[in-house]
């Protein structure tokens with residue numbers, strides 16, 4: 001699978017490396033393909049990771065991960081071009097800054113791209129969990145939502161390849177639940193002083 005990763009920060013960079021190690025072709029969509037951060041990511045898997053413009057990366061991919069600051073969601077989504085037939089993964093959080101005038105990042109993506117093939121995922125816990133979701137004998141949980149079941153199957157597989165136990169919580173109307181999880185994670189990690197190596201786990205009896 002060819003995946004465009006838009007955003008080379010902690011979330012995007014870590015997911016790019018994990019997916020490349022699982023055999024996927026990764027194209028980093030960036031305005032500066034020669035930046036030190038981009039070159040460092042490519043060096044991890046030079047045979048599977050490359051860099052291009054946002055438009056070129058999206059055009060060559062079947063899945064597009066958006067992992068940029070929420071406030072830039074609409075502007076970046078406009079750079080994607082024609083995304084017909086592509087799955088857009090929204091890994092952003094509008095917890096502190098909204099993508100004005102939209103309340104949620106998925107709304108901004110839809111308005112900019114014209115697509116509703118959006119799956120919210122990889123937003124509810126800190127970046128440290130993306131490449132190491134193991135906690136002793138258990139694995140961290142990841143939650144997703146979206147309006148198309150086939151899209152969610154693909155994203156579920158990508159999350160499982162990272163090592164997560166995955167739960168589908170429903171359609172995109174459930175996005176606020178995932179945003180609240182992200183806010184809770186931040187409050188526990190920083191506010192309560194638990195540190196960033198924490199995650200959520202659903203326990204069943």
Restricting to segment 177-205, name every residue that is surrounded by fewer than 13 Cβ atoms within 10 Å (Cβ to Cβ) and either out of contact with any helix residue (DSSP H, G or I) (no Cβ under 9 Å at 6 or more places or on another chain) or at pLDDT below 95 (or both). 180, 187, 190, 191, 192, 193, 201, 202, 203, 204, 205
Residue count, segment 82-106 (criterion: outside any loop (DSSP other than H, G, I, E, B) and either out of contact with any helix residue (DSSP H, G or I) (no Cβ under 9 Å at 6 or more places or on another chain) or modelled with pLDDT under 90 (or both)): 0
Tell me, yes or no, whether segment 67-86 has at least one residue that is without any contact (Cβ under 8 Å) to a residue 12 or more places away in the chain and on the phi < 0 side of the Ramachandran plot. no
Under 6 Å between Cβ atoms, which residue pairs at least 6 apart in sequence (or on different chains) link something in segment 147-161 that is free of Cβ contacts under 8 Å to residues at least 60 places away in the same chain with a partner that is assigned to a helix (DSSP H, G or I)? 147/172
For residue 47, all conditions in the list (1) more than 20 Å from residue 126 (Cβ to Cβ); (2) touching a helix residue (DSSP H, G or I) at 6+ places or on another chain (Cβ under 9 Å); (3) surrounded by 15 or more Cβ atoms within 10 Å (Cβ to Cβ) hold save one; what is the number of the exception? (3)
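In the set 80, 41, 65, which member is crowded, with 22+ Cβ neighbours inside 10 Å and more than 27 Å from residue 149 (Cα to Cα)?
Of the residues listed, the single one that is crowded, with 22+ Cβ neighbours inside 10 Å and more than 27 Å from residue 149 (Cα to Cα) is 41.
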Those residues of segment 27-50 which are closer than 22 Å to residue 70 by Cα and touching a strand residue (DSSP E or B) at 6+ places or on another chain (Cβ under 7 Å), in sequence order: 27, 28, 29, 30, 33, 38
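Report yes if residue 31 is in a loop (DSSP other than H, G, I, E, B) and either over 30 Å from residue 197 (Cα atoms) or at pLDDT 95 or above (or both), otherwise no.
Here the answer is yes, as residue 31 does meet what is asked.
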The correct count of residues that are free of Cβ contacts under 8 Å to residues at least 40 places away in the same chain, within 24 Å of residue 189 (Cβ to Cβ) and outside any loop (DSSP other than H, G, I, E, B) in segment 113-142 is 3
I want to confirm something. Restricting to segment 162-176 and keeping residues that are part of a helix (DSSP H, G or I) and in contact with a helix residue (DSSP H, G or I) (Cβ under 7 Å, 6 or more places away or on another chain), which single residue is farthest from residue 110 (Cα to Cα)? 175
On the given criteria, is residue 155 outside any loop (DSSP other than H, G, I, E, B), under 22 Å from residue 78 (Cβ atoms) and under 12 Å from the mean Cα position of the chain (by Cα)? no
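The values are calculated or read from the model by the stated rules, or taken from the named source; none is laboratory data. Just so you know, these numbers come straight off a predicted model, no measurement behind them. Neighbour counts are summed over all protein chains in view; Cβ atoms, including those assigned to glycine, are modelled from backbone coordinates with ideal geometry.
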